């Protein structure tokens, strides 16, 4: 890769008389051609699904792998966006993702502050206990959690969709680790100025934790938006469904997978576009967040 | 707005758990003025809101929803609230059963009935059905068996769906397999099938039974049909798996030989269907759900499929048989449900029963002999062509271990078809895996 961006002095000629600039350009062309081809291959399923979403179903049945949506139709999008419930599902998804993100950050950052900054008896075993939650798949506790919310009569509400993951072991772990790296001298200086613990949390630690907080906001929001199993069982009323579940049901077809592909693909794009926009806006943060959560520096 | 009120409600509930828990004793399901009906077959409530006439729709969701709308319009005292599930809806049902909040009515595949009935999760319906005027003697034989467990009827079935033989008459004619009246000359038995296969291969270069290795329809269901055609069964007298038998092996060997001869197709089933509508494959194995789709292709001038016929799955063995299954309505209120609540649910089941003909517009076959005999049913597109399919349907085993049956058989048979295992090994492995599951039940 370094050869591609190596600076070349255009004033210097080469032995064979050809311009060195031209040689670099050819390498760049080759570079972009190869990466363009790889990118195209990588994107092919997405391109196919986008094309299928604009094709008539009968055309798809006759040419499954066609990439050019001619004749062009919006019928699948009209079917999906014309359904009065879809806008409600978007509102539900957005509200649930935003609420869970906000509440999770608040609760986990407070808990992480305590684990990172406040000495108390049993802190270490308690922290290990919390981390054990990382090893417990949600599927394993689905039924007990379902029963809990059934007893509280909270199924088919935003509360039921928001609550289960607000105390996230992963978020707590990341925040605790990050808080521990912030110099304690900053706290001590604040305490000497008469600050309370809550003030230190709000004014000292949280502003310095912006990178990890941004990472958590992005991943929690995306994770909640894409969540499937819990909304599937908890939000069964059509008014309470999230867009992931609602579109899955709307575009579900009877029989085997080769039917109504256009509708399915349109559903996938309608559900995925907000996430795509979110990704484009926060692209750099997401990449740095992946580095942060995977331990890369 | 229920949802907007919910968050503060949750906060209050979390603080006063004991108070709320006491309130939880109130059973939502106890209301009989509203029936909670959970169904798969898509979400289309708002699309058909207020529609009570079926018109000419053949869409599975539309038929279900419009029938519910029609009921609600006629029965203000007993409203049906439909909730759509992601097929097959088992995750949702299991959670609701665990919480003690099951729906009044639920759609369920027939082969799952023993799993739930044996645990007391389903309400036995025999007496309720008789009282409501649902004559279970009108059910086709295999269908009645499929909804009966320990002598009790647990469901009102709504269809027989399964594998059919979809034929391009133009290509069959090219192969000399269409008679003077324009009907296909359907081969009966292995020798006739092989002869027809050769004629189709010679004339069109395509298999007479286009299929695929990547779908259960092209693996387990073909094998199940061949097994049933020779009188074999995947279940022994004790209800245990029985898929590694001489009959099972003979069915698989026939399957392998016909594939090797080019009579049964291979590859991807989606590509096979694409070739069929493009007029490149003479006939294919596909489901009842495909009938209306391909009828639409016939109506499309751009399609190469012009003359389309639907026959029961080819009889290659000694007797007609084809893999099949049933969608049913069950009442998951438990073995000791409130009789009044069950009666209310059964009222709606009677409505579905009376409209069985309407459901068969979807391409699926009727479950009722009286409907099968009716001119209205036989006048529906292609239904008269595969009239015998329902009564010869070979269902998946109605056992506790049936849950993993299709997938295991698909994987093992696929390995045999692709040459990764011998036929004996594949069936032996399938038997061992099924016994593993059965031993946990």
Calculate how steeply helix B:339-354 sits against the longest principal axis of the alpha-carbon atoms of chain B, using the helix alpha-carbon long axis, and give the answer as 0 to 90 degrees to the nearest 10. 30
Å³ per residue enclosed by the Cα convex hull of the range B:137-253: 163
Intensity falloff of the range B:308-441 expressed as log10 I(q)/I(0), Debye formula with alpha-carbon point scatterers, at q = 0.16, 0.18 Å⁻¹: -1.03, -1.09
Anisotropy class of the protein assembly as shown from Cα gyration tensor, a/c 1.5 cut: oblate
If I take every Cα pair under 8 Å that is 6 or more residues apart in chain B, average their sequence separation and divide by the length, what percent do I get for the relative contact order? 24
Relative intensity, log₁₀ I(q)/I(0), of chain B from a Debye sum that treats every alpha carbon as a point, q = 0.10, 0.12 Å⁻¹: -0.76, -1.04
For peptide B:94-102, how many partner chain Cβ atoms fall within 10 Å of a residue's Cβ, on average? 5
Among the range A:54-84, those whose backbone N falls under 13 Å of a label point 7 Å along Cα→Cβ from residue B:280 are A:62-66
Counted neighbours (other Cβ, 10 Å), sorted fewest up, put A:265, B:400 in the order B:400, A:265
Report, to the nearest 10°, how far helix B:246-260 tilts away from the longest principal axis of the Cα atoms in chain B, using its own Cα long axis and a range of 0 to 90°. 60
Residue-averaged [θ]222 nm for the protein assembly as shown, counting only DSSP H segments that reach four residues, each worth -39500 (n - 2.57): -16000 deg cm²/dmol
Starting from the 7 Å offset along Cα-to-Cβ, what nm value, one decimal, do you get for the label separation of residue A:29 and residue B:428? 6.2
For the protein assembly as shown, give me the percentage of DSSP beta bridges that are antiparallel, rounded to the nearest 5 percent. 65
Quick one: if the Förster radius is 25 Å, what FRET efficiency do residue A:68 and residue A:37 give, using the C-beta to C-beta distance and rounding to 0.05? 0.85
Peptide ranges B:322-335, B:120-133 listed from the most packed, as the mean C-beta count within 10 angstrom indicates: B:322-335, B:120-133
Where q = 0.12 Å⁻¹, what log10 of I(q)/I(0) comes from the Debye formula for the range B:307-361, counting one point per Cα? -0.54
To the nearest Å, what is the center-to-center distance of the range B:103-118 and the range A:191-266, using C-alpha atoms only? 33
If you take the beta carbon distance between residue B:173 and residue B:350 as r and set R0 to 41 Å, what does 1/(1 + (r/R0)^6) give as a FRET efficiency, to the nearest 0.05? 0.35
Tilt, helix B:423-440 to longest principal axis of chain B (alpha-carbon atoms), in degrees rounded to tens, equals 10
Rough spin-label spacing in nm, given labels placed 7 Å along Cα→Cβ, for residue A:177 and residue A:124: 2.0
Taking neighbour counts of Cβ atoms within 10 Å as a proxy for exposure, in what order, fewest first, do B:193, A:32, A:127, B:389 appear? A:32, A:127, B:193, B:389
Once the piece of chain linking residue B:91 and residue B:180 is laid out straight, how much longer is it, given 0.36 nm per residue of separation minus the C-alpha distance between them? 26.8 nm
Peptide B:36-45: average number of partner chain Cβ atoms within 10 Å per residue? 4
Mark the label point 7 Å from the Cα of residue A:110 along Cα→Cβ and return the residues of the range A:192-229 whose backbone N is within less than 14 Å of it. A:197-199, A:201-202
Given a Förster radius of 25 Å and the C-beta distance between residue B:370 and residue B:292 as r, what FRET efficiency does 1/(1 + (r/R0)^6) yield to the nearest 0.05? 0.60
Please tell me the relative contact order of chain A in percent, rounded to the nearest whole number, where contacts are Cα pairs under 8 Å and at least six residues apart. 26
Assuming 0.36 nm per residue, please report the length gained on full extension of the stretch residue B:195 to residue B:319 beyond their Cα-Cα distance. 42.8 nm
Hull surface over four for the Cα convex hull of the range A:170-297, reported in nm², is 11.4
Give the shape of the range B:27-107 as rounded, prolate or oblate, defined through the alpha-carbon gyration tensor: a ≥ b ≥ c are the square roots of its eigenvalues, a/c under 1.5 means rounded, and otherwise the shape is prolate if a/b is larger than b/c and oblate if not. oblate
Global form of the range B:263-331, assessed from the alpha-carbon gyration tensor, a/c cut-off 1.5: oblate
Let me know the Rg and Dmax you get for the range B:94-191 when you use only its Cα atoms, in Å. 20.8, 63
Modelling each spin label as a point 7 Å along the Cα-to-Cβ direction, I'd like the residue A:192/residue B:250 distance in nm, to one decimal. 9.5
Between the range A:122-179 and the range B:245-271, what's the alpha-carbon centroid distance in Å? 50
Please arrange B:105, A:143 by counting, for each residue, the other beta carbons lying within 10 Å of its beta carbon, fewest first. A:143, B:105
Rg and Dmax of the range A:118-209, using alpha carbons, in Å: what are they? 17.7, 50
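FYI, it's all coordinate maths here, none of it is from the lab. Everything numeric here is computed off the predicted structure, so don't read it as measured data. Neighbour counts are summed over all protein chains in view; Cβ atoms, including those assigned to glycine, are modelled from backbone coordinates with ideal geometry.
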